[in-house]
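Undergrad: Quick one: the structure is below, questions incoming.
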Amino acid sequence: MKSKVVTMDTAMSKIRSGMTLMIPGFVNVGTPLGLVKAICEKGYGDFHVISNNTGTPDVPGIGKLVLEHRIRALTASHIGLNPESGKQMNSGQMKVNLVPQGTLAERIRIGGAGIGGFLTPTGVGTMVEEGKQVIEVEGKKYLLELPLRADVAILRAWKADEFGNLIYRRSARNFNPLMAMAADFVIVEADQVVPVGELDPDAIVTPGVVVDMIVQSREA
């Protein structure tokens, strides 16, 4: 079985400016800091980023992409911990689409599952409803929310085997498994990389069949 472990430079060859990127993490927990750093070092930008939040300005995660003006458009649930995000949104430098967190997670999930949309009452009668189709079912109104997918998802795993089977550590599991299924190409930054067969099959969360490349984390 061919190993999917590659150098950071090889992984970066799959990234280009203008792409839609999925980047997991709750604040900075579960975010692939090394991959984000490498993207900045390569000078890539003009991204549409799909993420739960924009991190914080003091940690070189998604916040670094914001500070260096590498994000053209953002789909996220929360930007309040990074003041620069609000500044760029208000100035029009970064187009921001704020999505309720549960809705965001489900839009990503159905993007990976190949489902065309789902109905939710969340946001009915608020600004979230603007521009969306409202469908009434048994007298109750729902918003039709559409799936989200990306060109590339960059993930963070605690352990990966050389085929790409992944285990996440505690709350770092957040958006990683969902995004692994919802992108055309998946790059994983792993704290530990082990031979195939060393991971407990019952502990594996993301199957290696959806992972394309693995890099050894420099941040572990």
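Read-outs: derived from the displayed coordinates by stated rules, not from any lab. These figures come from a predicted structure and were not determined experimentally. Counting neighbours? That spans all protein chains shown, and the Cβs are built from the backbone with ideal geometry, glycine included.
Undergrad: Pairs to check: K14/K64; K4/K95; K95/K140; K37/K95; K14/K87. Give those whose C-alpha atoms are more than 26 Å from each other in this structure.
TA: From the list (K14/K64; K4/K95; K95/K140; K37/K95; K14/K87), the Cα-Cα distance tops 26 Å for K4/K95; K95/K140; K14/K87.
Undergrad: Quick one: which residues, 5 or more positions from A150 or on another chain, have an amide H under 5 Å from its amide H? H modelled 1.01 Å from N in the peptide plane, none for Pro or chain starts.
TA: A183, D184
Undergrad: Per residue of the range 172-177, in order, report the coupling 6.51 cos²θ - 1.76 cosθ + 1.60 (Karplus, θ = phi - 60°) as ³J(HN,Hα) in whole Hz, putting x for Gly and Pro.
TA: With the stated coefficients, the range 172-177 comes to 5, 6, 2, 8, 4, x Hz.
Undergrad: Dipole magnitude of the range 2-151 about its Cα centre, charges +1 at Lys/Arg Cβ and -1 at Asp/Glu Cβ only, in debye to the nearest 20?
TA: 440
Undergrad: Okay, next question. List the residues, sorted by chain then number, that are 5 or more residues from L155 or on another chain and whose placed amide H is less than 5 Å from its amide H.
TA: Long-range HN contacts for L155: I187, V188, E189.
Undergrad: Let me ask something else. Scaled to the compact-protein estimate 2.2 N^0.38 Å, what is the alpha-carbon radius of gyration of the chain, rounded to two decimal places?
TA: In units of the 2.2 N^0.38 Å rule of thumb, it is 1.03.
Undergrad: Please compute the Kirkwood hydrodynamic radius of the range 81-165 from all pairs of different C-alpha atoms, in Å with one decimal.
TA: With all distinct Cα pairs of the range 81-165 included, I get 15.6 Å.
Undergrad: Given Cβ point charges of +1 (Lys, Arg) and -1 (Asp, Glu) and nothing else, what value in debye, to the nearest 20, does the dipole of the range 106-153 about its Cα centre take? Provide the component values of the computation, followed by the final result.
TA: Details: 6 positive and 7 negative charges, 21 e Å.
The calculation lands at about 100 debye.
Undergrad: Given H placed on each backbone N at 1.01 Å, which residues far from D161 in sequence or on other chains put an amide H within less than 5 Å of it?
TA: Distant-sequence amide H within range of D161: V194.
Undergrad: Determine the dipole magnitude for the range 74-211: charges of +1 sit on the beta-carbon of Lys and Arg, -1 on that of Asp and Glu, nothing else is charged, the reference point is the Cα centre, and the result goes in debye to the nearest 20.
TA: Roughly 420 debye, rounded to the nearest 20.
Undergrad: For the range 43-95, take the alpha-carbon Rg, divide it by the Kirkwood Rh, and send me Rg/Rh. Numbers along the way, then the final one.
TA: Numbers: Rg = 9.5 Å, Rh = 10.6 Å.
Answer for the range 43-95: 0.90.
Undergrad: Let me ask something additional. Read phi for every residue in the range 98-112 and hand back ³J(HN,Hα) as whole Hz from Karplus 6.51 cos²θ - 1.76 cosθ + 1.60, θ = phi - 60°, with x for Gly and Pro.
TA: Result, rounded to whole Hz: 8, 10, x, 4, x, 5, 4, 4, 6, 5, 5, 4, 6, x, x.
Undergrad: Averaging over every viewing direction, what projected area does the convex hull of the Cα atoms of the range 1-126 cover, in nm²?
TA: Numbers: hull surface 37.7 nm².
About 9.4 nm², averaged over all directions.
Undergrad: Restricting to Cα pairs below 8 Å that are 6+ residues apart, what does the relative contact order work out to for the range 60-104? Please round to a whole percent.
TA: Relative contact order comes out at 42 percent.
Undergrad: Oh, and also: Mind listing the phi-derived Karplus ³J(HN,Hα) values for the range 138-150, rounded to whole Hz, using 6.51, -1.76 and 1.60 with θ = phi - 60°, and x for any glycine or proline?
TA: Coupling constants for the range 138-150: 6, x, 10, 8, 9, 9, 8, 9, 9, x, 10, 9, 9 Hz.
Undergrad: Moving on to the next point. Please figure out what share of the DSSP beta bridges in the chain is antiparallel and state it in percent, rounded to the nearest 5.
TA: Taking every DSSP beta bridge with both residues in the chain, the antiparallel ones total about 30 percent.
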